[in-house]
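Contents: one structure, followed by commentary.
A short reminder: the numbers here are calculations on the coordinates, not readings from a lab. What you see is a predicted model; the values in this text were computed from it and never measured. In this analysis, Cβ positions are derived from the backbone assuming ideal geometry, glycine residues included, and neighbour counts consider all displayed protein chains.
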Amino acid sequence: MHDRDELARLLGGDPALHAYQLGDLDDFFWPYTSWYHDGDAVALVYHGGGMPTLLAFDHRPGASHALLAGLVPLLPRRFYAHLSPGAEQVLGADFDAAPGGPHLKMALTDPAALAAPLGDVLTPADLPELLALYEVAYPGNWFDARMLETGQYVGVRRDGELLAVAGVHVWSPKYRVAALGNVTTHPRARGAGLARGAVSALCRRLLDTVDHVTLNVKADNAAACALYGRLGFTPAAEYGEFTFTAR
């Protein structure tokens, strides 16, 4: 499928569920995408960094299963996937699945609950300092350095040292969606509310250009789920993350 307007129509009915896919319609990500559909079910394979990633979510139970079954011959030999619950079983006959655990999609439904903002906007000039923070506080995270060019990363410094950051995986004023990502605090600065302030500052900034602010979080990360809940986010959907390897 190659028609962005049609994809936006199919995905736009549930922007909290499909925020990542809607964001990938932007020119920034579009060249790295392959799209497939079966009726109103849509699947995306993203090739933009490292291991390919498959995204397929159900707006109703089982809606993506026929599409995934048809995709089996076209999928990479090894890929990461975000799938609605149960969809992984469709691929089980052809791929071994290593689960990454249950996750939640959350959406900002009560902006009035955001905390007092902290921090300043980061730019590409801050990249070395940001990478050093991630190495200590969030090793192995998925981070595309190009996202600093969006101006949608907020960092909190104390005595000149970058100690907390909140950023985005997706920011699309065209499709009016954003997805928070790469939120972390230096281990020795945790518990001081720095991430809460950075997330709040970023959300206020994002709401100037989008209607839907979302995020993904591990369902068993009680501290993160509680933090986002206090900031006005509510669960929008469950999904699972997996690494698939062809047999």
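Quick notes
- Computed label-point distance, nm, for sites LEU74 and THR234 using a 7 Å Cα→Cβ extension: 3.6 nm
- Intensity falloff of the range 9-67 expressed as log10 I(q)/I(0), Debye formula with alpha-carbon point scatterers, at q = 0.30 Å⁻¹: -1.37
- Highest-fluctuation residue, TYR228, TYR138, TYR153 considered, GNM on the chain with Cα pairs under 10 Å: TYR138
- Shown in residue order for the range 40-54 are the 3J(HN,Hα) couplings computed by the Karplus curve 6.51 cos²θ - 1.76 cosθ + 1.60 at θ = phi - 60°: 9, 8, 10, 10, 10, 10, 9, 10, x, x, x, 5, x, 10, 9 Hz (x for Gly and Pro).
- The separation of the range 206-236 from the range 1-75, counted between C-alpha centres, amounts to 22 Å.
- Peptides 232-239, 52-59, 157-164, 18-25 ranked from most to least packed by the mean count of surrounding Cβ atoms within 10 Å: 18-25, 52-59, 232-239, 157-164.
- The alpha-carbon atoms of the range 108-236, seen along their principal axes, cover 33, 32, 27 angstrom, with the largest extent given first.
- Prolate/oblate/rounded call for the range 172-216, Cα gyration tensor, a/c under 1.5 rounded: prolate
- Listed by Cβ neighbour count within 10 Å, with the fewest neighbours leading, HIS82, HIS47 appear as HIS47, HIS82.
- FRET efficiency estimate (nearest 0.05) - Cβ-Cβ, ARG176 to GLN89, R0 35 angstrom: 0.55
- Between the amide H of ALA237 and those of LYS105, distances stay under 5 Å, these residues lying 5 or more places away or on another chain, with hydrogens modeled in the peptide plane.
- Close amide-amide hydrogen proximity is noted between VAL168 and GLY181, each under 5 Å apart and 5 or more residues distant or on a separate chain (H modeled in the peptide plane; Pro and chain starts excluded).
- For the listed peptides 108-121, 179-192, a ranking on the average number of other beta carbons within 10 Å per residue, highest first, reads 179-192, 108-121.
- Prolate/oblate/rounded label for the range 26-109 (Cα gyration tensor, a/c 1.5): rounded
- For the options MET147, MET106, MET51, a Gaussian network treatment of the chain with springs between C-alpha atoms closer than 10 Å singles out MET51 as fluctuating the most.
- Three principal axis lengths of the range 67-150 [C-alpha, angstrom, descending]: 49, 34, 23
- Nonlocal amide H pairs with VAL42, under 5 Å, H built at 1.01 Å: PHE57
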